[in-house]
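> My questions all concern the structure below.
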Amino acid sequence: MTWVGSVDLDLYVTGPSWETVYFGNTPSKSGGQLERDARCVDMSGDEDSPQVEFSTFTQPVAGRYRVGVDYLEACKGAAETPVPYRLTVEYDGERHEQVGLARHHEFAPIVLEFTLVQTRPRSPLTLSVGN
């Protein structure tokens, strides 16, 4: 997830086992890890600097994944205005992007859903978005 502005947005990724990877549950039992957590204390104060927060799964399993976004706080006196963000899901060379608008103190538990599909036993997983 990327956005521009001095705000703390939090990324939540819930896997097929219903376990959620976020700042309070990383690494998860299912192998998910929040790799980058952009927090107010880490921001430079430059309103135009892009912020990045992302999770990875070392051995993802087939099933539905849900991505949520929470606008936790405005940093260092920044206005509490809505903030546009971009979510990117990448798997095995396939990529899907979606944009959204985060609002202060508004948790959106599902802003993007995708499925990792296995068409045959032991076949590679493929990414399916919007199904």
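> I need every pair where a residue in region 100-113 that is more than 13 Å from Arg64 (Cβ to Cβ) has its Cβ under 8 Å from the Cβ of a residue that is in a loop (DSSP other than H, G, I, E, B), sequence separation at least 6 or different chains.
Leu101/Pro82; Ala102/Pro82; Arg103/Pro82; His104/Glu80; His104/Thr81; His104/Pro82
> Moving to a separate point now. Can you name the condition, by its number, that Leu72 falls short on among (1) within 22 Å of Glu19 (Cβ to Cβ); (2) in contact with a Ser or Thr (Cβ under 8 Å, 6 or more places away or on another chain)?
Of the numbered conditions (1) within 22 Å of Glu19 (Cβ to Cβ); (2) in contact with a Ser or Thr (Cβ under 8 Å, 6 or more places away or on another chain), the odd one out for Leu72 is (2).
> Quick one: in region 74-95, of everything that is among the basic types (Lys, Arg) and at pLDDT 90 or above, which residue is nearest to Asp8 (Cα to Cα)? I'd like the intermediate steps shown before the answer.
First pass over region 74-95, keeping only residues among the basic types (Lys, Arg): 76, 86, 95.
From what is left, the residues that are at pLDDT 90 or above are 86, 95.
Numbers: Arg86: 14, Arg95: 25 Å.
Among those that are among the basic types (Lys, Arg) and at pLDDT 90 or above, it is Arg86.
> Next question. So which strands (runs of 3 or more DSSP E) are wholly in region 14-82 and hold at least 1 residues that are in contact with a Pro (Cβ under 9 Å, 6 or more places away or on another chain), among the aromatic types (Phe, Trp, Tyr) and crowded, with 16+ Cβ neighbours inside 10 Å? Give the steps one after another, and end with the answer.
Working: elements: 32-36, 50-52, 54-57, 63-74.
In region 14-82, 63-74 are the strands (runs of 3 or more DSSP E) which contain 1 or more residues that are in contact with a Pro (Cβ under 9 Å, 6 or more places away or on another chain), among the aromatic types (Phe, Trp, Tyr) and crowded, with 16+ Cβ neighbours inside 10 Å.
> Another one. Would you pick out the residues in region 96-131 that are under 14 Å from the mean Cα position of the chain (by Cα) and within 19 Å of Thr56 (Cα to Cα)? Show your work before the answer.
Here is the first cut: in region 96-131, the ones under 14 Å from the mean Cα position of the chain (by Cα) are 96-102, 107-114.
Hits for region 96-131 are His96, Glu97, Gln98, Pro109, Ile110, Val111, Leu112, Glu113, Phe114.
> Let me ask something additional. Which condition number in (1) over 18 Å from Leu125 (Cβ atoms); (2) among the hydroxyl-bearing types (Ser, Thr, Tyr); (3) modelled with pLDDT of 95 or more is the one that Thr14 fails?
Going through (1) over 18 Å from Leu125 (Cβ atoms); (2) among the hydroxyl-bearing types (Ser, Thr, Tyr); (3) modelled with pLDDT of 95 or more one by one, Thr14 breaks only (1).
> Given the structure, is Asp42 closer than 23 Å to Ser28 by Cα and of a type in the set (Asp, Glu)?
Numbers: closer than 23 Å to Ser28 by Cα: no; of a type in the set (Asp, Glu): yes.
The answer is no for Asp42.
> Shifting gears a bit: In the set Gly24, Gly93, which member is over 17 Å from the mean Cα position of the chain (by Cα) and free of Cβ contacts under 8 Å to residues at least 12 places away in the same chain? Step through it out loud before you land on a result.
On the way: Gly24 fails: over 17 Å from the mean Cα position of the chain (by Cα).
Gly93 is the lone residue from the list that is over 17 Å from the mean Cα position of the chain (by Cα) and free of Cβ contacts under 8 Å to residues at least 12 places away in the same chain.
The values are calculated or read from the model by the stated rules, or taken from the named source; none is laboratory data. Keep in mind that this is a model prediction, so the values were computed, not measured. Heads up, the Cβs are rebuilt from the backbone with ideal geometry, glycines too, and the neighbour counts pull from every protein chain shown.
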